[in-house]
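Okay, so here's the structure we're looking at.
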Amino acid sequence: MTYVDSSSVTGRRSGHIKLHGPEGFEGMRRAGQITARALDALVPLVKPGVTTAALDKFVFEYGRDHGAYPAPLHYKGYPRSICTSINHVVCHGIPDDKPLRDGDILNIDVTFVLDGWHGDASRMYVAGNPSRRAQRLIEVTYECLLRGVAAVRPGGHIGDIGHAIQVYAEAERCSVVRDFCGHGLGRLFHDEPNVLHAGKRGDGAPLKPGMFFTIEPMINLGGAAVKVLSDGWTAVTRDRSLSAQFEHTVGVTETGVEVFTLSPAGLDRPPLAS
Ligand code: MF3
Ligand code: CO
Ligand code: CO
């Protein structure tokens, strides 16, 4: 894998990992914060009886009111502004008119483009009172994200992230989904490198200051196997076990890592019953 200065690259995915400068960091802070604020604003809206279509509409309007565009809308034909992945849905659940039920757990994934920069983040939400095993899965998954983020430092490798996540998830008797991964992003939504959520320390591309990517582990209570439903998007666990996910957008700094999508209200942590 080779590295190029982001200002010398204009086109599509090039097979190179882009290294960004100060204006990239500034753009990503702004995009990350609008995304985090939308996720914060969703917290009081998620409860039994609410439809995911209503949450989708809220996020679309939130973006419109703040000068940000939801990157998923029409992305490769995706029909909505956000992804809402409930219970055994692993990722890319499409908002619809079914009301949430008491005990549902769901991931809401928001990506806003602001001034050309992408902020991509997701969190778990609960409708009413989830089961204890659902709550435990959410907590394990959040810890996986934190451990993945903590593994990011210049001089380290992409594989360090997956290693940290996999070791912890499996020690907690959970499995790591292999079919989807984190990704580079910046002016593009999905770019090099792929950020695997399972792996070996020291594997993969070296981490260098100026790299931007997401870490977004999907963790299952049962097996890791996934299938995509006939809508072409919705990924579910094959054994219908519960799945959870959290996502941050991060940048590698000279000394460590900057998380662009931290909640200004401190709402990143797993939710309590609502
Ligand atoms: N936000 C998702 C991610 O974390 C991607 C959603 S793309 C969509 O990469 F088309 F499914 F919406
Ligand atoms: Co992502
Ligand atoms: Co996302």
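The values are calculated or read from the model by the stated rules, or taken from the named source; none is laboratory data. Predicted model only: the values in this text are computed from it and were never measured. As a convention, Cβ positions derive from the backbone with ideal geometry for all residues, glycine included, and neighbour counts pool all protein chains shown. In case anyone asks, the SASA skips ligands and DNA or RNA and just uses the protein heavy atoms, side chains included. Shrake-Rupley method; radii C 1.70, N 1.55, O 1.52, S 1.80 Å.
Could you tell me which of the residues Pro154, Pro95, Pro130, Pro72 is within 14 Å of ligand 1 (Cβ to nearest atom) and either in a strand (DSSP E or B) or over 15 Å from the mean Cα position of the chain (by Cα) (or both)? Testing whether each residue is within 14 Å of ligand 1 (Cβ to nearest atom) and either in a strand (DSSP E or B) or over 15 Å from the mean Cα position of the chain (by Cα) (or both) leaves just Pro95. Selection over region 41-82 of residues that are without any contact (Cβ under 8 Å) to a residue 60 or more places away in the chain, β-branched (Val, Ile, Thr) and open to solvent by less than 10 Å² (accessible area, probe 1.4 Å) gives a count of 3. Scanning region 80-91 for residues that are among the aliphatic types (A, V, I, L, M) and touching an Asp or Glu at 6+ places or on another chain (Cβ under 7 Å), we see that the one that is farthest from ligand 3 (Cβ to nearest atom) is Ile86.
A single member of Tyr168, Tyr142 is more than 28 Å from Tyr62 (Cβ to Cβ) and touching a residue at least 24 places away in the same chain (Cβ under 8 Å), and it is Tyr168. One residue stands out among those in region 157-205 that are farther than 30 Å from Ala68 by Cβ, in contact with a Pro (Cβ under 9 Å, 6 or more places away or on another chain) and in a strand (DSSP E or B): the one that is least open to solvent (accessible area, probe 1.4 Å), which is Val176.
Count of region 123-156 residues, restricted to those that are farther than 22 Å from Thr84 by Cβ, within 15 Å of ligand 2 (Cβ to nearest atom) and either surrounded by fewer than 24 Cβ atoms within 10 Å (Cβ to Cβ) or of a type in the set (A, V, I, L, M, F, W, C) (or both), is 1.
Of the strands (runs of 3 or more DSSP E) entirely within region 206-246, those holding at least 3 residues that are in contact (Cβ under 8 Å) with a residue 40 or more places away in the chain and open to solvent by less than 10 Å² (accessible area, probe 1.4 Å) occupy 212-215, 218-220, 235-237, 243-245. Within region 39-69, the set of residues being within 20 Å of Gly266 (Cβ to Cβ) and under 18 Å from the mean Cα position of the chain (by Cα) comprises Leu39, Asp40, Ala41, Leu42, Val43. How many residues, within region 98-122, are within 13 Å of the chain's Cα centre (by Cα) and either open to solvent by 10 Å² or more (accessible area, probe 1.4 Å) or at positive phi (or both)? Number of matching residues: 2. For Gly77, the conditions (1) more than 16 Å from ligand 3 (Cβ to nearest atom); (2) in contact with a Leu (Cβ under 8 Å, 6 or more places away or on another chain) are fulfilled apart from (2). Of all the listed residues (Asp120, Asp179), the sole one being among the charged types (D, E, K, R) and closer than 23 Å to Arg30 by Cβ is Asp120.
In region 77-92 there is no residue that is among the charged types (D, E, K, R) and in a strand (DSSP E or B).
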